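Below is one structure, written out as structure tokens; the observations come after it.
The values are calculated or read from the model by the stated rules, or taken from the named source; none is laboratory data. Source: prediction; values computed, not measured. Here Cβ is always computed from backbone atoms with ideal geometry, including for glycine, and neighbour counts include all displayed protein chains. These accessible areas exclude ligands, DNA and RNA; they are computed on the full protein's heavy atoms, side chains included. Shrake-Rupley method; radii C 1.70, N 1.55, O 1.52, S 1.80 Å.
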Amino acid sequence: MKSNTIKRGIERAPHRALLHALGWRRADINKPLIGVINSFNEIVPGHIHLAQIAQAVKAGVRSSGGVPFEVNTIAVCDGIAMNHPGMKYSLPSRELIADSVEIMAEAHAFDALVLIPNCDKIVPGMLMAAVRLNLPAIVISGGPMLAGRRIVEGRTERVDVNTIFEAVGQVAAGKMNEKELEALEEIACPGCGSCSGMFTANTMNCLTEALGMGLPGNGTIPAVDAQRIQLAERAGEQVMKLWSGNIQPRDIVTRDALHNAFTVDMALGGSTNSVLHLIAIAHEAGVDFPLSTINEISQRTPHLSRMRPVGDYHLEDLDRAGGITALMKELKKLLKPKARTVSGKSVAKIIAKAQVLDSEVIRPIDKPHSPTGGIAVLFGNLAPEGAVVKRAAVALSMMVHKGKARVFDSEEEVTRAIMHQKIKPGEILVIRYEGPKGGPGMREMLTPTSLLTGMGLDKKIALVTDGRFSGATRGAAIGHVSPEAASGGPIAALRNGDIIKIDIPNYKLDVELDEKQISERLSKLAEFKPRVTTGYLQRYAEQVGSASNGAVFEEVKGEKENA
């Protein structure tokens, strides 16, 4: 028992004294110490209720013979951080979350962990920590928000936070007035939970289930549903079984599990950020999972669920239709059925009794929305290491597109151009120096894409960036271009008027320049100067690697040799 290092022996008397100060009893000395890692705070709507989740988890731990101790990590709301300097901190927070889980678990010698995330970077951050520490662990998320509702011409229409982002574009285009926008603001997010569509947070919570690290229902049971509390208590009970059986995260997060997660991702048409995060989790788990493999999975996985922002369904609909287990049952021929899960059962056993209860929300595998998956990784002379697009959110007319580049060196520049309607249909807007190093922090750029959608231009204008796009993004928005501009990638060589060719069906992203032209242009560029030279973002920019590798911290030279 790892916690014996702070509980046993004469020399541990001071440690025991401090534990007694917490209410620990001498009778608990033979019980494992369970870290309940909570990301509760009062600024993130997806996390405002997590104290209640933690109480249920701790009840489950205690009833099964463990001693729970709740500790906390940070959490950023991407929606609130969007389109201002705060978004630079979102992706970097993932590494801090992983590190803080490691610090708290190791410093206090926890025997096992229950991880309580909900929103975008917290889920992958905690999963990265889980496989890094390799202590028995289980994830229980806070669950999705319900959609908002309004009455339009006598009928009920559901809305969400993405509706608001797109409404800003409608106001800018004169299609909506500010009074209507204000009324919409007040109803779009009706309460606690991760934003109600298949945006990044809910994508990652669903994939946690597919990965085997969360119990059935983790991804879809609404935050306000009593079943969410029941699931949390079961998670507390289950972590004790994982501990007694010494079942560790690396026993679960294997290549087969990652295959299953990406397969489910393709069928859901999940957020492009899932690629970044699953690759980072694979890196921590020591599993080699190249981007090209993702396209192989996408090529044979049909898109079965059109969730917001692609379709009209929300997470509450997916839950009602049978949830992730029902979706996985429909995909069973494409999955690795022997993969283990924190439930103690294989994937095959978990999905055996699952049933699709709504064949419109979860289409039959032989009647998909499209025969290929919702995400594609593009390669070419503009993205030698890859770029990512949510194929499911791209109009058919934009799947293959050729246009002149309009080059911008920041999100602010392109946003001003769109707001002032200084762009033209057919153009390809290039937003560079927004990558992990260049941003720094690889900002999500939901504002420019939502403006275009609100203006009715999402089927006429493409975007290409070394930054990221939100899971709520629609349109031909291609992100994660690697290498990034700040690292001397080809995107830094682009000039206004260069012809860019997008070919999503064939996974290609090219510029009509030859290798010599690109090299000559790059050689004439001044050395990139960091935009932030103090604080955490400076340290982050110095350490972070390419998006093609999950934007994880690069290993220090000689680290492997000295390990």
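What residue, of 58, 88, is open to solvent by 10 Å² or more (accessible area, probe 1.4 Å), touching a residue at least 60 places away in the same chain (Cβ under 8 Å), charged (D, E, K, R) and under 20 Å from residue 242 (Cα atoms)?
Details: 88 fails: under 20 Å from residue 242 (Cα atoms).
None of the others qualify; the one that does is 58.
Name the residue, out of 242, 184, that is touching a residue at least 60 places away in the same chain (Cβ under 8 Å) and among the aliphatic types (A, V, I, L, M).
242
Filter the stretch 416-454 down to the residues that are part of a helix (DSSP H, G or I), small (Gly, Ala, Ser) and over 18 Å from residue 86 (Cβ atoms), then identify the one that is modelled with the highest pLDDT. Reasoning before the result, please.
Quick first cut of the stretch 416-454, residues part of a helix (DSSP H, G or I) only: 416-419, 446-454.
Now narrow it down to the ones that are small (Gly, Ala, Ser): 417, 450, 454.
Checking which are over 18 Å from residue 86 (Cβ atoms) leaves us with 417, 454.
Values: 417: 95, 454: 89.
Among those that are part of a helix (DSSP H, G or I), small (Gly, Ala, Ser) and over 18 Å from residue 86 (Cβ atoms), it is 417.
Sort through 510, 503, 498 and tell me the only one that's farther than 20 Å from residue 376 by Cα, surrounded by fewer than 22 Cβ atoms within 10 Å (Cβ to Cβ) and among the charged types (D, E, K, R).
Working: 510 fails: farther than 20 Å from residue 376 by Cα; 503 fails: farther than 20 Å from residue 376 by Cα.
Answer to the check: 498.
Can you tell me which residues in the stretch 531-563 are modelled with pLDDT under 95 and part of a loop (DSSP other than H, G, I, E, B)? Lay out the reasoning, then the answer.
Taking the stretch 531-563 first, the residues modelled with pLDDT under 95 are 531, 554-563.
The answer is 531, 554, 555, 556, 557, 558, 563.
Considering only the stretch 125-142, I want to know if a residue exists there that is part of a helix (DSSP H, G or I), closer than 28 Å to residue 168 by Cβ, touching an Asp or Glu at 6+ places or on another chain (Cβ under 7 Å) and modelled with pLDDT of 95 or more. Show your work before the answer.
First, pick out the residues of the stretch 125-142 that are part of a helix (DSSP H, G or I): 125-133.
Those still in the list that are closer than 28 Å to residue 168 by Cβ too: none.
No, because not a single residue in the stretch 125-142 is part of a helix (DSSP H, G or I), closer than 28 Å to residue 168 by Cβ, touching an Asp or Glu at 6+ places or on another chain (Cβ under 7 Å) and modelled with pLDDT of 95 or more.
Evaluate the stretch 207-221: report whether one residue or more is touching a residue at least 24 places away in the same chain (Cβ under 8 Å), in contact with a Lys or Arg (Cβ under 7 Å, 6 or more places away or on another chain) and of a type in the set (A, V, I, L, M). Give the steps one after another, and end with the answer.
Within the stretch 207-221, the subset touching a residue at least 24 places away in the same chain (Cβ under 8 Å) is 207-221.
Retained after the next criterion (residues that are in contact with a Lys or Arg (Cβ under 7 Å, 6 or more places away or on another chain)): 212, 215, 221.
Next, from what is left, pick out any that are of a type in the set (A, V, I, L, M): 215, 221.
Yes, the stretch 207-221 contains at least one residue that is touching a residue at least 24 places away in the same chain (Cβ under 8 Å), in contact with a Lys or Arg (Cβ under 7 Å, 6 or more places away or on another chain) and of a type in the set (A, V, I, L, M).
Here is a check on your reading of the model: is residue 99 open to solvent by less than 30 Å² (accessible area, probe 1.4 Å), in contact (Cβ under 8 Å) with a residue 12 or more places away in the chain and among the acidic types (Asp, Glu)? So that I can check it myself, show each step before the final result.
Details: open to solvent by less than 30 Å² (accessible area, probe 1.4 Å): no; in contact (Cβ under 8 Å) with a residue 12 or more places away in the chain: yes; among the acidic types (Asp, Glu): yes.
In short, no.
Rundown of residues vs (1) closer than 20 Å to residue 280 by Cα; (2) open to solvent by 10 Å² or more (accessible area, probe 1.4 Å), yes/no style:
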{"position": "104", "(1), (2)": "no, yes"}
{"position": "107", "(1), (2)": "no, yes"}
{"position": "111", "(1), (2)": "no, no"}
{"position": "117", "(1), (2)": "yes, no"}
{"position": "124", "(1), (2)": "yes, no"}
{"position": "128", "(1), (2)": "yes, no"}
{"position": "134", "(1), (2)": "yes, yes"}
{"position": "139", "(1), (2)": "yes, no"}
{"position": "147", "(1), (2)": "no, no"}
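Consider residue 485 carefully, then state whether it is surrounded by 19 or more Cβ atoms within 10 Å (Cβ to Cβ), in contact with a Leu (Cβ under 6 Å, 6 or more places away or on another chain) and within 18 Å of residue 435 (Cβ to Cβ).
Values: surrounded by 19 or more Cβ atoms within 10 Å (Cβ to Cβ): yes; in contact with a Leu (Cβ under 6 Å, 6 or more places away or on another chain): no; within 18 Å of residue 435 (Cβ to Cβ): yes.
No, not satisfied.
Select the strands (runs of 3 or more DSSP E) contained entirely in the stretch 458-504, then report the ones holding at least 3 residues which are under 24 Å from residue 270 (Cβ atoms), in contact (Cβ under 8 Å) with a residue 60 or more places away in the chain and of a type in the set (A, V, I, L, M). It would help to see each step written out before you state the result.
Numbers: elements: 462-465, 477-482, 499-503.
Because the criterion is at least 3 residues that are under 24 Å from residue 270 (Cβ atoms), in contact (Cβ under 8 Å) with a residue 60 or more places away in the chain and of a type in the set (A, V, I, L, M), the strands (runs of 3 or more DSSP E) in the stretch 458-504 that meet it are 477-482.
What residue, of 330, 385, 413, is open to solvent by 40 Å² or more (accessible area, probe 1.4 Å) and either over 30 Å from residue 462 (Cβ atoms) or at pLDDT below 95 (or both)?
On the way: 385 fails: either over 30 Å from residue 462 (Cβ atoms) or at pLDDT below 95 (or both); 413 fails: either over 30 Å from residue 462 (Cβ atoms) or at pLDDT below 95 (or both).
Being open to solvent by 40 Å² or more (accessible area, probe 1.4 Å) and either over 30 Å from residue 462 (Cβ atoms) or at pLDDT below 95 (or both) holds for just one of 330, 385, 413, which is 330.
Determine, yes or no, whether residue 457 is at pLDDT below 95, surrounded by fewer than 24 Cβ atoms within 10 Å (Cβ to Cβ) and of a type outside the set (Phe, Trp, Tyr). Break it down into steps so the answer makes sense when it comes.
On the way: at pLDDT below 95: yes; surrounded by fewer than 24 Cβ atoms within 10 Å (Cβ to Cβ): yes; of a type outside the set (Phe, Trp, Tyr): yes.
When the stated conditions are applied, residue 457 passes them.
Residues in the stretch 385-409 that are under 14 Å from residue 502 (Cα atoms) and touching a residue at least 12 places away in the same chain (Cβ under 8 Å): how many?
Number of matching residues: 17.
Would you list the helices (runs of 4 or more DSSP H) that sit entirely within the stretch 1-107 and hold 2 or more residues that are closer than 26 Å to residue 231 by Cβ and small (Gly, Ala, Ser)?
Working: elements: 4-7, 13-20, 50-63, 78-81, 90-107.
Passing ranges, in order: 50-63, 90-107.
Would you check if residue 162 is modelled with pLDDT of 95 or more and either open to solvent by 10 Å² or more (accessible area, probe 1.4 Å) or farther than 20 Å from residue 54 by Cβ (or both)? So that I can check it myself, show each step before the final result.
Details: modelled with pLDDT of 95 or more: no; either open to solvent by 10 Å² or more (accessible area, probe 1.4 Å) or farther than 20 Å from residue 54 by Cβ (or both): yes.
No, not satisfied.
Run down 287, 264, 253 and say which single residue is open to solvent by 20 Å² or more (accessible area, probe 1.4 Å), more than 12 Å from the chain's Cα centre (by Cα) and among the hydrophobic types (A, V, I, L, M, F, W, C). Write out each step before concluding.
On the way: 264 fails: open to solvent by 20 Å² or more (accessible area, probe 1.4 Å); 253 fails: open to solvent by 20 Å² or more (accessible area, probe 1.4 Å).
None of the other options fit; the residue is 287.
With the requirement that a residue be within 27 Å of residue 525 (Cα to Cα), open to solvent by 20 Å² or more (accessible area, probe 1.4 Å) and not charged (D, E, K, R), what does the stretch 391-410 give you?
In the first step, residues of the stretch 391-410 are kept if they are within 27 Å of residue 525 (Cα to Cα); the result is 402-410.
Retained after the next criterion (residues that are open to solvent by 20 Å² or more (accessible area, probe 1.4 Å)): 402, 404, 406-407, 409.
Correct list: 407 only.
Does at least one position in the stretch 218-227 carry a residue that is open to solvent by 40 Å² or more (accessible area, probe 1.4 Å), aliphatic (A, V, I, L, M), farther than 29 Å from residue 136 by Cα and not in a loop (DSSP other than H, G, I, E, B)? Full working, then the answer.
Within the stretch 218-227, the first condition is being open to solvent by 40 Å² or more (accessible area, probe 1.4 Å), and the residues that meet it are 224-227.
This time we only want the ones that are aliphatic (A, V, I, L, M), so: 224, 226.
If we keep only those that are farther than 29 Å from residue 136 by Cα too, we end up with none.
Among the residues of the stretch 218-227, not one is open to solvent by 40 Å² or more (accessible area, probe 1.4 Å), aliphatic (A, V, I, L, M), farther than 29 Å from residue 136 by Cα and not in a loop (DSSP other than H, G, I, E, B), which makes the answer no.
Kindly evaluate residue 156 against the criterion of being open to solvent by 30 Å² or more (accessible area, probe 1.4 Å) and in contact with a strand residue (DSSP E or B) (Cβ under 9 Å, 6 or more places away or on another chain). Quick ask: steps written out before the conclusion?
Numbers: open to solvent by 30 Å² or more (accessible area, probe 1.4 Å): yes; in contact with a strand residue (DSSP E or B) (Cβ under 9 Å, 6 or more places away or on another chain): yes.
Yes; evaluated as a whole, the condition is true for this residue.
Just to check your reading of the model, which residue among 413, 444 is among the charged types (D, E, K, R) and without any contact (Cβ under 8 Å) to a residue 40 or more places away in the chain? If you could, list the steps in order and put the result at the bottom.
On the way: 444 fails: without any contact (Cβ under 8 Å) to a residue 40 or more places away in the chain.
Just a single option satisfies the conditions, and that option is 413.
For residue 97, work out the one condition from (1) of a type in the set (Val, Ile, Thr); (2) in contact with a Lys or Arg (Cβ under 9 Å, 6 or more places away or on another chain); (3) at pLDDT below 95 it doesn't fulfil.
(3)
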